[in-house]
């Protein structure tokens, strides 16, 4: 991210659409410069039931955010409910091209390309790779292995898959609203990074989010989400 970059996020829930606009400051932090919301009933029980309703709500939230931030919004990231997300844990060992020069950016990039080589279930597509740990050949765990002297390293990562049909529908909805899709952000991962501190990330933790019509349970074990449950508050498990 460069200083002055504008980042827009959309959260499409069961009762409203929320838009948030951030600007990257001189400290590479994102400052919130606008936050809006608009009522929406286009999603029920986590399912898209009215694309036009969602599109109109997105357009209204975006217009209000443009007025508040005094800028034009062309694209945005959107959150994705857990029921449309599949998270696959994977790890590989990568040999370093030049062990005397240390692990390079190219070595790390090649490992990320290699770790996503999995059997993708029918109807799913990969939207992101989230590296969690890098383990050097001496057993040391590091967050950034670039420059470390090691003949090989192990990368552990979460591979994020989304339902193709949901992605297709959301692209269509955003297009109707005049907004391009920058990317998709799983709600479970976003909340994990926002709510938990460093110690909690390395422990076994459950997050419980109680909403107007549903509640969600995320169980996290040492940074990795291994259980995601969605419940309706009125009609039992969905």
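The values are calculated or read from the model by the stated rules, or taken from the named source; none is laboratory data. Computed from a prediction, not measured in an experiment: that's the story for all the values here. Using ideal geometry, Cβ is built from the backbone for each residue, glycine included, and neighbour counts are taken over all protein chains shown.
Tabulated data
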{"item": "Of all residues making up region 135-172, the number that are over 21 Å from residue 77 (Cβ atoms) and out of contact with any helix residue (DSSP H, G or I) (no Cβ under 8 Å at 6 or more places or on another chain)", "result": "18"}
{"item": "Spans of strands (runs of 3 or more DSSP E) in region 26-109 with at least 2 residues under 30 Å from residue 132 (Cβ atoms) and in contact (Cβ under 8 Å) with a residue 40 or more places away in the chain", "result": "75-80, 85-95"}
{"item": "Count of residues meeting criterion [surrounded by 14 or more Cβ atoms within 10 Å (Cβ to Cβ), in contact with a helix residue (DSSP H, G or I) (Cβ under 8 Å, 6 or more places away or on another chain) and at pLDDT 70 or above] in region 179-196", "result": "6"}
{"item": "Any hit, region 126-135, residues being outside the structural domain of residue 20 (by TED's automatic domain parsing), assigned to a loop (DSSP other than H, G, I, E, B) and touching a residue at least 40 places away in the same chain (Cβ under 8 Å)", "result": "no"}
{"item": "Members of region 84-128 that are crowded, with 16+ Cβ neighbours inside 10 Å and closer than 30 Å to residue 45 by Cβ", "result": "84, 85, 86, 87, 88, 124, 127, 128"}
{"item": "Residue that is nearest to the chain's Cα centre (by Cα), among those in region 159-174 that are in a strand (DSSP E or B) and crowded, with 19+ Cβ neighbours inside 10 Å", "result": "160"}
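Conditions (1) in the same structural domain as residue 55 (by TED's automatic domain parsing); (2) at positive phi, marked per residue:
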site: 144; (1), (2): no, no
site: 147; (1), (2): no, yes
site: 150; (1), (2): no, no
site: 155; (1), (2): no, no
site: 158; (1), (2): no, no
site: 168; (1), (2): yes, no
site: 172; (1), (2): yes, no
site: 177; (1), (2): yes, no
site: 185; (1), (2): yes, no
